[in-house]
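Have a look at the structure below before the remarks.
Where a number appears in this text, it was derived from the coordinates with a stated rule and is not lab data. Small disclaimer: the values here were computed from a predicted structure and weren't measured. In this analysis, Cβ positions are derived from the backbone assuming ideal geometry, glycine residues included, and neighbour counts consider all displayed protein chains.
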Amino acid sequence: MIDLTASLTAAPVLHVVSSGPGFAWTRDADVAIEAPPDNDSCPLPESRWSKAAKLTGICCVVSPRGLMLPNGGCRMYYPQMLPRPGFTAGANDYDDRTTRILSAYSKDGQE
């Protein structure tokens, strides 16, 4: 069981920016967490995909939460939403998707 109340503090450094992005969004060259492509509706948590893979929102990742760990490093928890078998709208259809919580670890919050 994950007990997020036992952490020292939330990791504000991971959630603070000096200014809003306005209307011009740019994608980071190195993505920390990526949604599975449309053709992989049952991915393994450790899966990696081509940058050219088709992403339309059939699968998605939302609301990551990063925590600084007491012994160093960071842990990110995030929900991954996938289509239920037989429902092609996937994460775009709230009632016909599945959700699982995954996590990722980083020594420095960058990699």
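What nm value, rounded to one decimal, do you get for the distance between Ala53 and Ile33 when each label is placed 7 Å out toward the C-beta?
If labels sit at Ala53 and Ile33, their model points lie 1.6 nm apart.
Work out how much length Ser103 to Leu69 would gain on full extension: take 0.36 nm times their residue separation and subtract the Cα-Cα distance, in nm to one decimal.
10.9 nm
Can you give the extra length, in nm with one decimal, that the chain gains between Thr88 and Ser19 once fully stretched, where that is 0.36 nm per residue apart less the Cα-Cα distance?
Taking 0.36 nm per residue and subtracting the Cα distance, the gain is 21.1 nm.
Would you mind estimating how fast the range 28-106 diffuses translationally, via Stokes-Einstein at 10 °C and 1.306 mPa s with the Kirkwood radius over Cα pairs, in µm²/s?
The diffusion coefficient I find is 119 µm²/s.
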